[in-house]
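Okay, structure first, notes after.
Every read-out reported here was derived from the displayed coordinates using simple, explicitly stated rules and does not represent laboratory data. As the structure is a prediction and not an experimental result, all values here were calculated from the model.
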Amino acid sequence: NSLHLSYFIPSLFVLYIAFYPIVASITVLPGSLAYYLCVTYVFLLAFYFALVFLSSFSFNPVSWVMTAVGIFCSHLWYGIKFIQGLFARKAPCEYIGKDHPNE
């Protein structure tokens, strides 16, 4: 199941955020590929944050901001752990010899 594209999206987001400083550190000349990558990065990141804030709307500003931060952090954490799981030799249940840890 985890090989469907929808499961990879948070991981791609993590890689996207991680590699942006490398792209941004290249001398960016208008019209160059790096320039278009930087512009695209900023646009997509702004679009992502707009969607997060719109989807977490609340009339309570504290709740709104905390929910938006929680969504962002959960996307990052899922992406990081998914990448870690792709490179793991064994699934966590294989270490303990059970399918479910509470059994």
Report summary line: Using alpha carbon centers only, the stretch 27-54 is separated from the stretch 59-87 by a whole-angstrom value of 20 Å
**Report entry** For the stretch 1-67: Kirkwood Rh in Å [reciprocal of mean 1/r, alpha carbons]
**Finding:** 14.2 Å
